[in-house]
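Asker: Input: one structure, supplied below.
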Amino acid sequence: MLEQLLIFTRGGLILWTCKELGNALKGSPIDTLIRSCLLEERSGAASYNYDGPGAAYTLKWTFHNELDLVFVAVYQRILHLLYVDELLSMVKREFAEIYDPKRTVYNDFDETFRQLRKEAEARAEEMKKSKPVGKPLINNKKQGQVQKSDGGSKKTSDGSANGGEDGNGPKGRRLENGISNGNHVDTEETKVNGHVNGKENTSSNIGAFDVNKLQKLKSKGVKKIDNVSNKVPKAEPKKKATKKNRVWDDSPRQEKLDYTDPVGENEDNIVEVVAADQGESMMDKEEEFSSESESEEEEDDGKVSKPDAKKKGWFSSMFQSIAGKANLDKSDLEPALKALKDRLMTKNVAEEIAEKLCESVAASLVGKKLASFTRISSTVQAAMEDALVRILTPKRSIDILRDVHAAKEQRRPYVVVFVGVNGVGKSTNLAKVAYWLQQHNVSVMMAACDTFRSGAVEQLRTHARRLQIPIFEKGYEKDPAVVAKEAIQEATRNGSDVVLVDTAGRMQDNEPLMRALSKLINLNNPDLVLFVGEALVGNDAVDQLSKFNQKLADLSTSPNSQLIDGILLTKFDTIDDKVGAALSMVYISGAPVMFVGCGQSYTDLKKLNVKSIVKTLLK
């Protein structure tokens, strides 16, 4: 049974709801659909499954893009209603005829909807009745075909028994031995054997191979191979040459290879100089986005569009741009969307994400009227640009400095956990975040909870010494969850404002390490879980983030599991214009990009410039 049908504008004004359908919905499926699907540019999907408290709904929707209306149907997931899509299209058609932008109440649509629902349910019942009648006919046909094929096989087997009398030649003999016996043997003896059996036509064993002859053939082949192998002399094993050390020149050997800062009496003075020379963090600098790229892009578009104008003809293209098109169809949008999808994939956007984005843009444009003096390609690109800006703009404000002061008022430290796969730069970027917090007069403590990788504690200790930050460590082969808990307790006693927890790198499929990470998060309940990911990844970004979130949810012991809250993109200075990983990660997780690592010094940490990323993706 249909639970609810709702008609509202894209601005959020509810125009009509069916008052006869069932009881009130459990949870908030409509709000969840708008927040996590329609606003996140996932409207190209066929349906949306909502799991709420004591309810499991399926939601389907359609748009009337010309009137900016949304039609949503809600029903129990277990029912699998067949008529919902047809009912939505009928409601959309009928409601569009009576829609008036100045009108907000449509009580007279109740009777129309009642009739439309009866028609849709009647058609669905007819379809259910007609389907079982058709299936046995198909099965009977298939059975008849099978019987015929069985009969044919019997005839061929009989024919193989009487093959000598028909005199079909060598082809018939090969079929006798090959198909009826199931073995393909091309030796002369087996062919003769089959020919003789065909002429005799005496028993059920006609056409069978002579086992003795096959064994003789095998033994002959083995003897020949042994003789050949005996004749070939065995090659003597080569002695492994020992590698000699290479001497480049006559210069004396340099013994000291450790270039880290020496630890001695004047250690404090050295650290102060290093920290002072770093300068201001790029997080506090506003990045200016020039309009030169926009003008260059417009020039490129003009150059690209000239050959197309020549192909179409000046008058036809001019007339279409002046007059406009009545309503955009999906076939009109496909060429422009395909070009956009290819462009996004060349910028390192995951293929799955690019395809979903194009489907969402198509769903928002189908049925819209093309304005005068506009091209379809420019309309599609503008819609895609708006969609990308909506996706990359954070849906909720995560101001770390504000949250740190709020936690300080509660007399507890603000805890940030850095997670991610191996080798993405978690420890280095943790030090960059610590340096940025230091510049805002926030006291920081590092927690060395990477007790798995050799050298991880020493690496973090070096960063702590250079930045003059206290570090809490317990060595290796310890439980990282317990180490993090003790670090938070120590920070509470010492009055530290922030605890930055470094964790071991782990692949998303490593079950034991993912279980340990889930335990660390559940036990310590951090304020922020930052996923550190490379800007170099393409399709793997989707797999990493989705599996991290899934494992954290599945392995959590509490009903409200804590997932990834934000993303830190590293190695952003090495990718040129391949910025698609940022889009893929934000789209698949819904978490914003909070930091971007763009170098090797402590100051090389900045915010994500959404406009710059969007322009680069569409360039």
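Asker: Along the Cα→Cβ direction, 7 angstrom out, place labels at ARG375 and LYS128. What is the inter-label distance in nm?
Answerer: The answer from the label model is 5.2 nm.
Asker: Calculate the FRET efficiency for GLU121 and ASN327 from the Cβ-Cβ distance with a Förster distance of 22 Å, rounded to the nearest 0.05. Before the final figure, lay out the partial values.
Answerer: Values: r = 30 Å, r/R0 = 1.36.
The formula returns an efficiency of 0.15 here.
Asker: I'd like the distance separating the alpha-carbon centroids of segment 487-530 and segment 346-401, in whole Å.
Answerer: 36 Å
Asker: Rounded to the nearest 0.05, what FRET efficiency is calculated for ALA56 and SER28 with R0 set to 22 Å and r the Cβ-Cβ distance?
Answerer: Details: r = 14 Å, r/R0 = 0.64.
Once the sixth-power term is evaluated, E becomes 0.95.
Asker: Separate question: Can you tell me the order of 350-361, 508-519 when each peptide is scored by its average per-residue count of other Cβ atoms within 10 angstrom, highest first? Please report the intermediate quantities before stating the final value.
Answerer: Values: 350-361: 20.8, 508-519: 16.3.
Final packing ranking: 350-361, 508-519.
Asker: Further question: Under 13 Å from a point 7 Å along the Cα-to-Cβ line of ARG411: which residues of segment 490-527 have their amide N that close?
Answerer: 492-495
Asker: Taking the simple approach of a point 7 Å from Cα along Cα-to-Cβ for both GLU66 and ASN422, what is their distance in nm?
Answerer: 5.9 nm
Asker: Could you pull out the GluC sites (Glu not before Pro) across segment 405-492 that fall in loop regions by DSSP (anything but H, G, I, E, B) with no more than 10 other Cβ atoms inside 10 Å?
Answerer: Numbers: sites: GLU409, GLU458, GLU473, GLU477, GLU486, GLU490; in loops: GLU473, GLU477.
Passing both the DSSP loop test and the Cβ count: GLU477.
Asker: Using Cα pairs under 8 angstrom and six or more residues apart, how large is the relative contact order of segment 351-449, in percent? Could you put the intermediate results ahead of the total?
Answerer: On the way: 24 pairs, mean separation 13.3, N = 99.
RCO, segment 351-449: 13 percent.
Asker: Hand me the tally of lysine pairs in segment 440-581: alpha carbons under 18 angstrom apart, and the pair either on different chains or 8 or more positions apart. All intermediate terms of the calculation are to be shown ahead of the outcome.
Answerer: On the way: LYS474/LYS485; LYS474/LYS519; LYS478/LYS519; LYS485/LYS519; LYS519/LYS547; LYS519/LYS551.
The result is 6.
Asker: Full-extension gain between ASP108 and ARG402, please, as 0.36 nm times their residue separation minus the C-alpha to C-alpha distance. Intermediate results must be reported in sequence, preceding the final value.
Answerer: Values: separation 294, 0.36 × 294 = 105.84 nm, distance 5.13 nm.
Going from the current span to full extension adds 100.7 nm.
Asker: As an exercise, identify the trypsin sites (Lys or Arg not before Pro) in segment 396-496 lying in DSSP coil whose Cβ has no more than 10 other Cβ atoms within 10 Å. Don't jump to the answer; show the numbers that get you there.
Answerer: On the way: sites: ARG396, ARG402, LYS408, ARG411, LYS426, LYS432, ARG453, ARG461, ARG465, ARG466, LYS474, LYS478, LYS485, ARG493; in loops: ARG396, ARG411, ARG453, LYS474, LYS478.
Filter output for segment 396-496: ARG396, ARG411.
Asker: Follow-up question, since we're still on this one. Going down the list LYS285/LYS611; LYS19/LYS330; LYS102/LYS369; LYS118/LYS338, which pairs span over 28 Å between their C-alpha atoms?
Answerer: Values: LYS285/LYS611 16 Å; LYS19/LYS330 34 Å; LYS102/LYS369 21 Å; LYS118/LYS338 40 Å.
Going by Cα-Cα distance, LYS19/LYS330; LYS118/LYS338 fall outside the 28 Å limit.
Asker: Also, quick follow-up: Note down the relative contact order for segment 462-619 as a percent, whole number, built from C-alpha pairs under 8 angstrom at least six residues apart. Could the numbers behind the result be given before it?
Answerer: Values: 191 pairs, mean separation 28.8, N = 158.
Reported as a whole number, the value is 18 percent.
Asker: So for segment 2-125, Kirkwood radius off the Cα pairs, Stokes-Einstein at 37 °C and 0.692 mPa s: how many µm² s⁻¹?
Answerer: Working: Rh = 14.9 Å.
So the translational diffusion coefficient is about 220 µm²/s.
Asker: If you don't mind, there's one more thing I want to ask. Which of the peptides 98-110, 30-42, 117-129 is most tightly packed, and how do the rest follow, judged by the mean count of other Cβ atoms within 10 Å per residue?
Answerer: Working: 98-110: 10.8, 30-42: 17.2, 117-129: 13.4.
Going by the mean number of other Cβ atoms within 10 Å, highest first, we get 30-42, 117-129, 98-110.
Asker: How large is the direction-averaged shadow of the alpha-carbon convex hull of segment 400-612, in nm²?
Answerer: Numbers: hull surface 45.0 nm².
If you wrap the Cα atoms of segment 400-612 in a convex hull and average its projections, you get 11.3 nm².
All of the numbers you see were taken from the coordinates with simple rules; none came from a lab. What you are looking at is a predicted structure, and each value in this text was computed from that prediction instead of being measured. Here the Cβ is made from the backbone with ideal geometry for all residues, glycine too, and neighbour counts use every protein chain on show.
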